[in-house]
Amino acid sequence: MTPPPRDPPSGRGCLLRLAAVALTVAAILATPSPPAAAQSQWPQARLTGVHPPSATRGSSVVVTLTGSDLEGVDSLRFSHPGFQVEKTADLTFKITVGTDVPLGRHDLRAVGTYGVTNPRVFTVGARPELVEREPNDTVELATPVPMNAVALGTIGQPTDLDHYVFEATKKRRVTLTLEADRIDSPLDASLRLFGPDGQPLAEVHDTIGPDPVLHVVPPHDGLYIVQVRDVTFAGSPGHYYRLVLHDGPVIDAALPASARPGETVELTLFGLGLGEGSRPLNDPNPADFHSPPLEARSLKLILPPETARDATQLAIPTLTAVGDRSGFLVDLDGETTAPKPATPGHPLVRTRPHDPLFLALADPELLPIAEVEPNDGGPKASDPVQTATLPLDLSGAFQTPGDRDVIRFDARKDQVWWIECQAERIDSPALPSWVLQRIDPAQPDQPARDLAVPPDSLDLGAGARWPSATVDTTLRWVVPEDGVYQIALTDQMGSTRGDPRLRWRLVIRPETGRHEFAAFVAPASPTIHDAVTIPAGGKEIAYVHVQRRMGFAGAVRIEAVELPAGVTCRPVVAGPTQSLVPLVFEAAADAPRAVGPIRLNASSRWPNDETTHPGRLAAGEGVTRRVIPGGLIRPTPNPPFGAARVSREFPAAVRDPKPAVVSARPRRPGGGPEDGPPLAIAVGSILPYRIETRRAEGIAAPIVVASESFAPNLPAANVTVPPDQTQGVLALPIPSNVTPGLYSFAFNATLTIPFSKDTNAAQKPNINVIVPTETLELDLRPAVVTLALEPAGALELKRGGTLQIKANLTRQNNFAGPVTLEPMPDATADPAAVAQTLTGSVMIPGDASQGVLTLSAAAEAPEGPLPGLALRAVAEVDGVKVAFVLPVDLKIVP
C-alpha cells in the first residue's frame, strides 16, 4: 500500500473556503432579508476573548475578559453548573472548575449593564497547562513545554511570533495540535517546526478547518522548536490559542461513518497510537519523518440510546462518547468536546469541527454498512461493482490514488429518491464527485449511460446570518423507468492521493412526505452576535432559521416553551418560502432585571391549525423539534465571511428601557388581536398598517419604520413618523408572484438620538437605535379577484352624505362566486369609531364583474382624512374568506 499522507490534504481547506464563500455570496443575493438600513448602535455587551481560555478539572484559574460594552460585568454564565465564579477585579474573575465538570468545551458568557454577551468557548482539559512566557518572539526566548501538556498563548499583534521548545526522542511520534478556530478565536494559525540543528523541518496550516495539526517522528533526540504565527499577519488580544503537545492516541476516521442509537456497531478506526489490537497499514518511511505509519483498529461499541446520549459511557472503558441529536463523538484519550451541531436525519450544518471522531446519526430504518472492495467498476457493465438495495446508508473511502467506487442497485419507475453524498459534513477531507448512471444488464460489454450529475448543496436561506453552504451534494431523482442503475464516485483530487481517511457517505432515501426540517436561532443581523437583551417595557428581536429538506415545503410554527420572568413572546409561523422568521420578545415594565434561558420548539402541525388556517398545512404527521441555539461567532461588516456555530443555550437579559417603543396593527387582518381566525389576504393586495410610536421624554427624532422582505418578490416599504407625530401608515404591497402561505414578520423602526454612557457628558454623539414592532401574521392566498376603483385618486365624502364608488372586478382562477365589497378600517386611527360612522357594503353576484359601493358618513363623523382606510373585496373560497385589499384616499368634509 502506498503510504498515505499523514495529514488530511491541505487543498480541501482552501477549496472549501472558496466554494463556501461563492455559495454564500450567491445565497445572500437571493435570500429574503430585512432591508438595508443603519445598524443599531445601542450598546450590547460583546465578548471577544477569555484569557486564558481553559483550565484543568478541579483547578482554579484567574481569567480576564476582552470585548466591548462590558461595563458593569459582575458575573459569568456557564453552560454547565459545575463552575464557581468569583469577581476579583474589573473584567477579572477567578474560575474554579468542579471535579464533576465534563472534559471538553463549554460556553461562557458575561453579564453586565448592557446585557448578556455572546458565548466564548472555555475548555476543561485533561493535560497540564501553562501560559506562554513573553517575550518569546525568537528561538532563543522559546517557552519550554513538557510532553503531554498544553501551552496557552496569544498572537497579540500582527507581527507577533510565539516560539516553544520541547524535548523529543528519536522515532517516538509527537503530535502538535493548535486550537484557535475551534475555541472561537479568529487566529488563522500556522505551525512551523525546527530541528535540533535549527533548520526548518515542516510547516502546516488548515488541517482541521483553519487550525493546524502536525504529526512528526523525530529523526534525532534533542530539543525541537515550534513557531506559531498568523498566516494573514493579524493579531490582537482576541487571537488566542491552545497548543497541545502529546504522544497519545489520535482518531482520524472510522468506517462505517454513521450509526444508529442503542445498537452495537462494529467500527474500523484509523489513526495513530490506537492501542491494543491496532495494526499498521503501511511501513514507516525512514526518510519521511512527517508521515508516521497509519494504524487501524477494529472495535465493537454499544452506542447510547437516543433518549439518553449526553455524556453517556460506552461499553469499552477506554472509550467515551458524548452525542446530541445528530450523532456521537468518540475519543480514545478521554478528552471529549461538545456535541455535533445538527438534528436527527438532518446533519446540514457543520459549523465547528471537533477532535473526537464524529459518527453521523443514521435513520432508524437504514442499516449503516461499509463499502466492500473491489468495486472500482470499469468501462464495461460486467466490471466488479458493489451491489446494494435501496434505501441505503453506505460509507467508504478513496483508499488509493485513482480509486473509484461504484454502487449498483435496482429502481422502479416513478419512485422518488433523495441522494446525498457527504464528506464535509462527516469531517472528511475528501472531495467526492459522482454521477448517476443507467446499466443495461442485457449488454454487459457496453458502458454505463450517464443520467445526472448533482449540484452542490447551496446555502439554505439564512445567508450570512447562519452560513450553511456546503460542497456536499444532494440530488432529487425521479426514476425514469424500471431498471438497473449505479452511482460512480471519485475524488476530485484522486489522481494525486489515496487514503482510508478520505471518506464518503452515500445516503439514498425515499421521498415519503415526512416533515423533514431543523430550526436554529439566528441573529437579527449578519453584523451582530446572538445575544438578546430586552429593554424593560420594550421589545427585542431575534430570528429562527428553518431548514427544510427531503421535499418538505410546509409551514413551521415556532413557540417559546420557556422564557425569563416577565418576558413574553408570541408564536410565529415560517411560511413555505420563509427560511428566516422573526421572534419578538417583550418585557414588562416591571420585569426583573435578570438573565434567564429561552427554549423554543418548532412544529409542522399545531393545535387548532385547521380551524385557524384551514388547508394551510402540509399533509402528513406533524413533527416537533427543539430549536437549536446558536449564532455568529465573529460578525463582520463583510457578511459572507462570518462564522457561526451552535451553542448550549439561548439566554436573554432584561435591562433598562430604550428611548422608543413602536407597534403596528392590524396584527392579524380581519381578526382580533389574539383570537381569530384572521382574514386571508389575496396576493396582489396592498395592505395598510397603522404604526404607533411612543418616544421617551426629551426625544424628538423622526422614526423610520421599514418592512422586511419575508418572502421572495416582496418589495420593501417604509414610512417616516415625524418628530411631532406619534402615528403613521405603512402600505405593504404584496405582489401577485409572492408564494401563498402562512407568514409571520415584523417591522423595524430606526431613530437617531444623542447618547453617551456618561449621563453627565456635556456632548452626546448621535447613535442609531433600532426597535421592532410586535410580530404580525398573514395568511396569503391566491387571488380569485382583483379590484379597480372609479373614481380613482383622492375622494371626498360629506358628513351625513353618501359617496358612490364603482368597483370593477377581474375574476381569476375560474372563480364564479359572489364578492362582497366593504370598507376595512383596521389601520385607521380609531377603527371602532370609523366602523360606526362610515358604513356601506355591496354584494356583487357571481355572474357580474361590476358593482357600486355606496359609502355613508354619519352626521357626527369627524372631519378630515382617514389615513389607513382600505376597501376589501371578500370572496369565499373552499370555506375560507379571502380579501383583496386596496387602500383608499378618503376625506370627510363638512
Just tell me which aspartates and glutamates come within less than 14 Å, Cα to Cα, of Lys757; anything on the same chain fewer than 8 places away is out.
Asp69, Glu71, Asp656
Stokes-Einstein diffusion coefficient for the range 46-125 at 37 °C in a medium of 0.692 mPa s, Rh from the Kirkwood formula over Cα pairs: what value in µm²/s?
267 µm²/s
From the phi angles alone, apply the Karplus equation (6.51, -1.76, 1.60; θ = phi - 60°) to the range 841-854 and give each ³J(HN,Hα) in whole Hz, x where the residue is Gly or Pro.
6, 9, 9, 9, x, x, 9, 10, 10, 9, x, 10, 9, 9
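Where does each of Met550, Met843 land when they are ranked from fewest to most other beta-carbon atoms within 10 angstrom?
Lowest count first: Met843, Met550.
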Residue by residue through the range 491-505, which ³J(HN,Hα) values in whole Hz follow from phi under the Karplus form 6.51 cos²θ - 1.76 cosθ + 1.60 (θ = phi - 60°), with glycine and proline marked x?
8, 4, 10, x, 6, 10, 7, x, 5, x, 7, 7, 8, 9, 10
Rounded to whole Å, √(5λ) for the Cα gyration tensor eigenvalues of the range 128-247, largest first, gives 21, 15, 13
Hey, which aspartates and glutamates would be in cross-link range of Lys171, C-alpha to C-alpha under 20 Å, not counting anything within fewer than 8 residues on its own chain?
Asp7, Asp197, Glu203, Asp221, Asp247, Glu276, Asp283, Asp288, Glu295
Residues whose modelled amide H sits under 5 Å from the amide H of Ser395, counting only those 5 or more places away in sequence or on another chain, are Ala257, Ile369, Ala370, Glu371, Leu506
What shape does the range 704-830 have by the C-alpha gyration tensor, where a ≥ b ≥ c are the square roots of the eigenvalues, rounded means a/c under 1.5, and otherwise prolate means a/b greater than b/c and oblate the rest?
oblate
For a test of the definition: using alpha carbon positions, the gyration tensor, and the 1.5 limit on a/c, classify the range 371-512 as rounded, prolate or oblate.
oblate
If you take the square roots of the eigenvalues of the alpha-carbon gyration tensor of the range 530-570 and sort them as a ≥ b ≥ c, do you get rounded (a/c under 1.5), prolate (a/b over b/c) or oblate?
prolate
Give the separation of the Cα centroids, the range 96-139 to the range 155-199, in Å.
19 Å
Expressed in angstrom and ordered largest first, the alpha-carbon extents of the range 352-411 along the principal axes are 41, 31, 16
Could you work out how far the C-alpha centroid of the range 810-883 sits from that of the range 222-268, in angstrom?
67 Å
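On a 18 Å Cα-Cα criterion, which of the cross-link pairs Lys539/Lys658; Lys539/Lys764; Lys380/Lys413; Lys658/Lys764 come out too long? Write out the running numbers ahead of the final one.
Numbers: Lys539/Lys658 9 Å; Lys539/Lys764 24 Å; Lys380/Lys413 24 Å; Lys658/Lys764 16 Å.
Correct reply: Lys539/Lys764; Lys380/Lys413.
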Note, the range 685-698: 3J(HN,Hα) by Karplus (6.51, -1.76, 1.60, θ = phi - 60°), whole Hz, Gly/Pro = x, goes 6, 10, 9, x, 10, 7, 9, 10, 10, 9, 9, 5, 4, x
Straight-line reach only, C-alpha to C-alpha below 28 angstrom: list the lysines that Lys806 could link to, leaving out same-chain residues fewer than 8 apart.
Lys798, Lys881, Lys891
Hey, can you grab everything whose amide H is under 5 Å from the amide H of Asp363? Only 5+ residues off in sequence or another chain; H modelled, so Pro and N-termini drop out.
none
What residues qualify as long-range amide H neighbours of Leu732, i.e. H under 5 Å apart, gap of 5 or more or another chain, H built at 1.01 Å from N?
Leu687, Tyr689
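Bear in mind that the values in this text are calculations on the coordinates, not laboratory data. Every value quoted in this text rests on a predicted model; they were computed, and no experiment measured them. Heads up, the Cβs are rebuilt from the backbone with ideal geometry, glycines too, and the neighbour counts pull from every protein chain shown.
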